[in-house]
Amino acid sequence: MDHFLYRDGRLMAEDVAISEIVAEVGTPVYVYSSATLLRHLQLFEEALDGLPHLVCFAVKSLGNVAVLKLLGEAGAGMDIVSGGEYARARAAGVPGERIVFSGVGKTREEMRMALEGGIRQFNVESEPELQALSEVASSLGKTAPITIRVNPDVDAKTHAKIATGKSENKFGIPIARAREVYAMAARLPGIEVIGIDVHIGSQLTELAPFEAAFTKVAELTEMLRADGHDIRRLDLGGGLGIPYERINEAPPLPFDYGALIRRTVGHLGCEIEIEPGRLVAGNAGLLISRVIYAKSGEGRDFLILDAAMNDLVRPSMYDAHHDIVPVIEPEAGAETRPWDVVGPVCETGDTFARGRELPPVGEGDLVAFRSAGAYGAAMASEYNARPLVPEVLVRDDQFAVIRRRPSYEEMIARDSIPEWL
C-alpha cells in the first residue's frame, strides 16, 4: 500500500501533485509519503500487539533525519550500524534507550560514542568485538547491555548480496558455538548479557526461512537459560520483502510475520525486537526523473533520463526491478512499446530496465520509479560529479525539502588543494 495515486490525470503524493514538487525542486528528486511511512510502521505494531516488543526502524534503508524524527515520534526505535547513523538517530530526537547498535565492524570510538550517549543494546557479532566492548565499557565505568548475533546457517532464498544467515556469510557467530561465546561474555567485565540476536537477510518473500531461524533461536534460548543466562530479549532482525513487481510478487504480510513470531518464540516470555527497513520505507518513496532524450538504437530504443545509477544504484548493483510510470496518467488502453531505460552516466551498467513496456513517453516527460524509498537516497553518491539527489517529505497537502540539492560550488568546496600544488 502507498499514497501515490493518479488524480485528474496527475500522479499525486498524498494531496500534492508530483509536478508541483518538480516545479520547485527540479529532477531527479526523491519524494516520500508520511502517511505511507506511518501506516507501514503501524502494521508491524499491530502484528506484535499483545507481545512486549519494540519496532526498530533500520536506519540504513532511509537515514534522513526528518524521516527518522517522523517515525521516532510515532514510537519507533532505531537499528543503527555506524556512529553516523547513531548521530542521525539522536539528532532526530530518538533516545538512546530506543537505539540498537548492529553491524560487524563497530570501532572502539563508535562503542564509546554509544555508551556515553546512551544505547539500548549492542548486537555483538564476534569474540574480538566482545572483548573490545568489554574494554571500552570498563574504561568508562559503564556496563554494555548485549545480545550476541548467532548465524543459524539458514538460506534466506534472497539475492546473494543481501543474504546474511548462511554459514559462509560474515555475520554473527555459528549457532553451534553460541553457548561457548555466551559463557565468555558472562565472564567479561562491563558486559551484561540480555538476549539473542539473529538476522538472515533482506527482501525475503516467504516465511519458511524465518521459521527455520526463529525455531533455532527458541531452542538456543532454552539452552542458554539452562546455562544460567538471563535471556529476556530476542532481536529477530528484519528482512521482510516488498512487492517491487506488483503483478508477480506477493510477499508475506506483517500480520503473517507476527503470527509466525508468536508461534515460534512467543511462549518464551521475551521482549521481541524487529528491525524492518524496506517494508516501512520502500513503497513510501518515489524517484522522479525527466526524460532527456528518446534515442533509437540498433534493434532497441533508449529512454535517457536525468536520473542515473548514482541516484538509484539498486538496478545496477542487484539487477533490481522498479516499476516505472509516467507522472501524467496515460490514456486508458494506450499502446505500449519496449524501451531500455538508462541514465547519463558513462557506464553500460547505468541501466534501470531493458525492454520495459511503457506507455507513450518522450523528451521532457516526467517518470516515477516506484518502491524507491528504501536503499535509494541512502545509497546515492556524487559519482560523475553529479549533485547528490534531493529529498522531499509530503504530509497531506504540504511538502518540504528535507535534503536540498548541493550546488557545484558546494561540491567543489569540500575538496582542498595542498599548498605545494
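The values are calculated or read from the model by the stated rules, or taken from the named source; none is laboratory data. Fair warning: this is a prediction, and the values are worked out from it, not measured in the lab. Positions of Cβ are backbone-derived with ideal geometry, glycine not excepted, and every protein chain shown enters the neighbour counts.
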Scan the stretch 296-319 for residues that are part of a loop (DSSP other than H, G, I, E, B) and either among the hydroxyl-bearing types (Ser, Thr, Tyr) or exposed (fewer than 15 other Cβ atoms within 10 Å of the Cβ) (or both) and jot them down. 297, 298, 299, 300, 319
β-branched (Val, Ile, Thr), farther than 30 Å from residue 396 by Cβ and touching a Gly at 6+ places or on another chain (Cβ under 9 Å): is that true of residue 99 in this structure? no
Being loosely packed, with under 10 Cβ neighbours inside 10 Å and among the small types (Gly, Ala, Ser) is the filter here, so list the residues in the stretch 378-419 that pass it. 385, 416
Considering only the stretch 158-201, state which residues are surrounded by 15 or more Cβ atoms within 10 Å (Cβ to Cβ), modelled with pLDDT under 90 and not in a loop (DSSP other than H, G, I, E, B). 162, 163, 201
Being of a type in the set (Lys, Arg) and either surrounded by fewer than 16 Cβ atoms within 10 Å (Cβ to Cβ) or in contact (Cβ under 8 Å) with a residue 60 or more places away in the chain (or both) is the filter here; which residues of the stretch 93-119 pass it? 108
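Is there a residue being on the phi > 0 side of the Ramachandran plot, modelled with pLDDT of 95 or more and either assigned to a strand (DSSP E or B) or not basic (Lys, Arg) (or both) anywhere in the stretch 351-370? Outline the logic, then answer.
Of all residues in the stretch 351-370, those on the phi > 0 side of the Ramachandran plot come to 355, 364.
Those left that are additionally modelled with pLDDT of 95 or more: 355, 364.
This time we only want the ones that are either assigned to a strand (DSSP E or B) or not basic (Lys, Arg) (or both), so: 355, 364.
Yes; the residues of the stretch 351-370 include at least one that is on the phi > 0 side of the Ramachandran plot, modelled with pLDDT of 95 or more and either assigned to a strand (DSSP E or B) or not basic (Lys, Arg) (or both).
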If a residue counts only when it is within 17 Å of the chain's Cα centre (by Cα), which helices (runs of 4 or more DSSP H) contained entirely in the stretch 21-137 have at least 2 such residues? 34-47, 65-73, 83-91
Going by the conditions given, is residue 37 outside the structural domain of residue 373 (by TED's automatic domain parsing), buried (at least 23 other Cβ atoms within 10 Å of the Cβ) and under 30 Å from residue 243 (Cα atoms)? yes
Answer yes if at least one residue in the stretch 313-320 is modelled with pLDDT under 95, of a type outside the set (Ser, Thr, Tyr) and closer than 30 Å to residue 20 by Cβ, and no otherwise. yes
Give 272, 288, 261, 292 a once-over and let me know the one that is part of a strand (DSSP E or B), touching a residue at least 60 places away in the same chain (Cβ under 8 Å) and over 30 Å from residue 20 (Cα atoms). 272
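If you go through the stretch 211-221 one residue at a time, do you hit one that is among the basic types (Lys, Arg), part of a strand (DSSP E or B) and on the phi < 0 side of the Ramachandran plot?
For the stretch 211-221, residues among the basic types (Lys, Arg), part of a strand (DSSP E or B) and on the phi < 0 side of the Ramachandran plot: absent.
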